[in-house]
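Below: one structure, written as structure tokens.
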Amino acid sequence: MTVAVLAVQGDFAEHEAMLEGLGAEVFEIREKADLDRPFDGLVLPGGESTVQGKLLRELELFEPLREKILSGTPVFGTCAGLILLARRLSNDGNVYFGALPVTVRRNAYGRQLGSFYAEEEFKGIGKIPMTFIRAPYIESAGEDVDILARVDGNIVAARRGNVLGISFHPEVDGDTSVHRYFLDMVEGKR
Ligand code: GLN
């Protein structure tokens, strides 16, 4: 199983380490030529969504990746990656891949409360650590979206079909369960 990790900006290296630890073959997407290599799943890491969106366009990665996602390739976006996947942003005029029918609020926890830690239930996994870093959350989700986790009533993980988006950063907690969940999606086991 081969997983491509978008590596134009943000904390892609931590995702790569975690995926490799779980036995996946991993490579980085940095430029258009990297898309010649086939992959079974795609990870969009946290970072800064505006920067990532700009680089995706400049590097001509945007359209081919969008096609891959919309045609059913399993994709896992964390934090900025969730923002790239959302169909609508409530406090930002941009829309990127638009693949997950949710409305996302960027920097939803305000500046002072920019980073925090919680432990909550993740549907199908159980209670897991969740680290939030200038995180977005999902304000509303379409009816066909499976809500996987909430913190203080706000949706922080959701999935529809091949698209998984979460607000927090499992790659920094040493807990591999959400990455395992995604690899199960890639393998068609979830
Ligand atoms: N605040 C960032 C954004 O709006 C996301 C933060 C993150 O990915 N850790 O893009």
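The values are calculated or read from the model by the stated rules, or taken from the named source; none is laboratory data. These numbers were taken from a predicted model, which means no experiment stands behind them. So basically every Cβ, Gly included, is an ideal-geometry build from the backbone, and we count neighbours across all protein chains shown.
Applying the criterion of at least 1 residues that are within 20 Å of Val163 (Cα to Cα), touching a strand residue (DSSP E or B) at 6+ places or on another chain (Cβ under 7 Å) and more than 15 Å from the ligand (Cβ to nearest atom) to the helices (runs of 4 or more DSSP H) found wholly in region 1-120 leaves 12-21, 62-70. For region 36-58, the count of residues that are loosely packed, with under 14 Cβ neighbours inside 10 Å and touching an Asp or Glu at 6+ places or on another chain (Cβ under 7 Å) is zero. Which count do you get for residues in region 125-140 that are surrounded by 13 or more Cβ atoms within 10 Å (Cβ to Cβ) and more than 12 Å from Asp173 (Cα to Cα)? Final tally of qualifying residues: 9. With respect to the conditions (1) part of a strand (DSSP E or B); (2) at pLDDT below 95, Gly174 lacks only one, and its number is (1).
Of the residues screened, Leu148 is not one that is closer than 30 Å to Gly23 by Cβ, within 13 Å of the ligand (Cβ to nearest atom) and out of contact with any helix residue (DSSP H, G or I) (no Cβ under 7 Å at 6 or more places or on another chain). Any residue that is over 20 Å from Gly10 (Cβ atoms), in a strand (DSSP E or B) and of a type in the set (Gly, Ala, Ser) - is there at least one of those in region 121-138? Checked region 121-138: at least one residue is over 20 Å from Gly10 (Cβ atoms), in a strand (DSSP E or B) and of a type in the set (Gly, Ala, Ser). Kindly indicate whether any position in region 104-112 is surrounded by 14 or more Cβ atoms within 10 Å (Cβ to Cβ) and either over 20 Å from Asp11 (Cβ atoms) or in contact with a His (Cβ under 8 Å, 6 or more places away or on another chain) (or both). Checking region 104-112: at least one residue is surrounded by 14 or more Cβ atoms within 10 Å (Cβ to Cβ) and either over 20 Å from Asp11 (Cβ atoms) or in contact with a His (Cβ under 8 Å, 6 or more places away or on another chain) (or both). A Cβ distance below 6 Å, combined with a sequence gap of six or more or placement on separate chains, defines the contacts here; from region 59-79, residues that are of a type in the set (Phe, Trp, Tyr) reach residues that are assigned to a helix (DSSP H, G or I) in the pairs Phe62/Leu56; Phe76/Phe182.
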